[in-house]
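Engineer: This is the structure I have questions about; it appears just below.
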Amino acid sequence: MKSKRTEARDEKTAEGRRIALFGGTFDPIHFGHVAVARAAERRFHLDCVYFIPSSRPPHKAAAELCAYEHRFAMVALACSAHPRFVPSLAEASMNGASGRIFYSIDTVRHFRQEFNRPGDRLFFMMGADSFLDLHAWKDYDQLLQLCDFVVANRPGFRIERLREVIPPDLLAPSQANEKRDSRVIPLRDTAVYLLETVASQVSATDVRQRIERGRPVRGLVPPRVEEYIIKQALYIRTIHT
């Protein structure tokens, strides 16, 4: 039997594969994450969505996060219900967690080496708030040239705000008679896509705080993730911020 990764390699060899990278702390993964991934899968006809738990993200101290092995286990459980979702160890060391800080540009380069056949296309998924802070990311201008971006929208968000973050020299030259899609910002080599109609009030912070207060989280996280949290007694003593 072929693994999900092998199937992703084999699919669409003629016209190329469409691979999305969805990184985050996933502390814990919740239905909001799943909804974004499913919406992107439908709109961009994705062959595979790699969920990449951050082992040591640059913006958070390791002590603030639930142990990597727990976060990866929850991601794996959430992915098990979706054939095209794959939990990835791309940001883990051999022992499951790494002391080094992982940067998104290094992760994208890793996947570009793996999916490098003609026609292969790489998408990087993130939320609108994260994209607005992109200028603080390592080599963000290079990152914008390595892959397409899928930015999950929130109600009332305007795509013009995304354009303000992008260096002007990376924008594609405008065409006078070009019919523009209001959900797309064309770049010279890639594009930024606004993923609309994904409205979710779920947040990982809310899930953690509800558990700390002894309140149910049914309907906020996948059932298998909820079961894992209960069995492992996660988020009981400390409210992570």
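Engineer: With θ set to phi - 60°, apply the Karplus curve 6.51 cos²θ - 1.76 cosθ + 1.60 along the range 36-47 and write out the HN-Hα couplings as whole Hz, x wherever there is a Gly or Pro.
Structural biologist: Taking θ as phi minus 60°, the curve returns 5, 5, 5, 5, 5, 4, 6, 5, 9, 6, 6, 7 Hz for the range 36-47.
Engineer: Excluding Pro216 itself, calculate the net charge of residues whose Cβ lies under 9 Å from the Cβ of Pro216, where each Lys or Arg counts +1 and each Asp or Glu counts -1. Let's see the in-between values first.
Structural biologist: Numbers: positive: Arg210, Arg215, Arg218; negative: Glu226.
Overall, the nearby charge balance is +2.
Every number in this text was worked out from the coordinates using simple rules, so none of it is lab data. These figures come from a predicted structure and were not determined experimentally. Glycine also receives a Cβ, built like all others from the backbone with ideal geometry; neighbour counts cover every protein chain displayed.
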